[in-house]
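Asks: Take a look at this one; I'll ask things after.
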Amino acid sequence: GFTLDEKGMKMSKSIGNTVAPQAVIDEYGADILRLWVALSDYTVDLRIGKEILKGVADSYRRLRNTMRFLLGNLKDFSDAEKVAASDMPELEQWVLHRIAELDAEVRAGYARYDFQGVFQKLFTFATTDLSTIYFDVRKDALYCDPTDSLRRRAARTVLDHLFHHLTAWLAPVLVFTMEEVWLCRYPDTSIHLTDMPPVGDWLNPDLAEKWAHLRIVRRVITAAQTLTLSPP
């Protein structure tokens, strides 16, 4: 399709509604432009403009915050701290299950050049499964548990898996950001010289079904609390 402005109008220099790629890069950075491309359905007409780019930039910042959380909680992590998946609490095993599910979906999506589908799955995972559920639940353990506690070690092991998979999954789109994130832990190599890591034997449909029910209950309780706390 054609590239139109955000109102669906054909771009024209005389109208003044053109968007120069270099101008976008100068204001937002190259990764925002790449992300807009990845989010676009290239089988139909595409739209771009200031408000659309602001929305893309907001999605980018939320993903960047996810990576900052991982980096902040993986300081001084080593292989000696790792916990086997079978010894982890259920919550960590559920996250590993989601990683295994996503790995198959991401690889299949990239093989079909479905960049939009891949990013939407990863964005939903990062903002819903991780930020809203896992990070929120495990913050106390990460910040307050003894360094040698099983719960904290298991959480940090899962964060390490998340770090390696998310950087590899997002590297084809957020080229510069994932390189920056990767170099924070591995300054002598590049994420772009690294293959997507394999997943372990982490699929657990029964556990996934259990946690799906728990999430429904959590939403109901959260909604009830919101109504209770709201002023009359």
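The values are calculated or read from the model by the stated rules, or taken from the named source; none is laboratory data. Please read these numbers as outputs of a predicted model, since none were measured by experiment. Here the Cβ positions follow ideal geometry from the backbone for every residue, glycine too, while neighbour counts run over all protein chains shown. The protein model used for the area step is the full one, side chains on, heavy atoms only, and it has no ligands, DNA or RNA in it. Shrake-Rupley method; radii C 1.70, N 1.55, O 1.52, S 1.80 Å.
Asks: From zero outward in steps of 10 Å, how is the percent of C-alpha pairs of the stretch 148-232 spread across the bins?
Replies: Going from the shortest bin to the longest, the percentages are 14, 26, 26, 23, 9, 1.
Asks: Follow-up. Hey, which lysines would be in cross-link range of Lys75, C-alpha to C-alpha under 16 Å, not counting anything within fewer than 8 residues on its own chain?
Replies: The reachable lysines, counting only those whose Cα sits under 16 Å from Lys75, are Lys139.
Asks: Run through all the Cα pairs of the chain and give the fraction in each 10 Å bin from 0, expressed as whole percent.
Replies: Binned Cα distances yield the sequence 7, 27, 31, 21, 11, 3, 0.
Asks: Sticking with this one: Summing +1 for each Lys or Arg and -1 for each Asp or Glu, what net charge is found among the other residues whose Cβ lies under 12 Å from the Cβ of Glu51?
Replies: It works out to a net charge of +1.
Asks: If you don't mind, another one. Lysines within cross-link reach of Lys7: Cα-Cα under 23 Å, excluding same-chain residues under 8 positions apart?
Replies: Cross-link targets: Lys50, Lys54.
Asks: Compute a Gaussian network model of the chain, connecting alpha carbons closer than 10 Å, and tell me which residue from Gly117, Gly29, Gly72 fluctuates the most.
Replies: Gly72
Asks: Also, quick follow-up: Pick from Asp145, Asp206, Asp160: which is most flexible by mean-square fluctuation in a GNM of the chain where alpha carbon atoms under 10 Å apart are linked?
Replies: Comparing Asp145, Asp206, Asp160 in the GNM, the peak value goes to Asp206.
Asks: Straight-line reach only, C-alpha to C-alpha below 20 angstrom: list the aspartates and glutamates that Lys210 could link to, leaving out same-chain residues fewer than 8 apart.
Replies: Those aspartates and glutamates meeting the cut-off are Asp87, Glu90, Glu92, Glu101, Asp129, Asp136, Asp201.
Asks: Right, next: Tell me, what is the 1.4 Å probe accessible area of Tyr186, in Å² to the nearest 10?
Replies: Only protein atoms counted, so the area is about 70 Å².
Asks: Hey, another quick one. Once you sort the root eigenvalues of the Cα gyration tensor of the stretch 1-48 as a ≥ b ≥ c, which label holds: rounded (a/c under 1.5), prolate (a/b larger than b/c) or oblate (the other case)?
Replies: oblate
Asks: Taking square-rooted eigenvalues a ≥ b ≥ c of the alpha carbon gyration tensor, is the stretch 102-157 rounded, prolate or oblate, where a/c under 1.5 means rounded and, failing that, a/b exceeding b/c means prolate?
Replies: prolate
Asks: Rounded to the nearest 500, what is the chain's calculated 222 nm mean residue ellipticity when only DSSP H runs of at least 4 contribute -39500 (n - 2.57) each, over all residues?
Replies: -20000 deg cm²/dmol
Asks: While we're here: Of all the accessible heavy-atom surface of the stretch 1-142, with the other protein chains kept in place and a 1.4 Å probe, what percent is carbon and sulfur?
Replies: 51
Asks: As a test of understanding, state the convex hull volume per residue of the stretch 81-181 from its alpha carbons, in Å³.
Replies: 98
Asks: Can you bin the stretch 1-116 into rounded, prolate or oblate? Criterion: square roots of the alpha carbon gyration tensor eigenvalues sorted a ≥ b ≥ c, rounded for a/c under 1.5, prolate for a/b above b/c, oblate for the rest.
Replies: Prolate is the answer for the stretch 1-116, as a/c is 1.5 or above and a/b outweighs b/c.
Asks: Express the accessible area of the stretch 54-105 per residue in Å², computed with a 1.4 Å probe while the remaining protein chains stay in the model.
Replies: Value returned for the stretch 54-105: 48 Å² of accessible area per residue.
Asks: By the scheme Lys and Arg +1, Asp and Glu -1, what is the net charge of all other residues having a beta-carbon under 12 Å from that of Glu81?
Replies: +1
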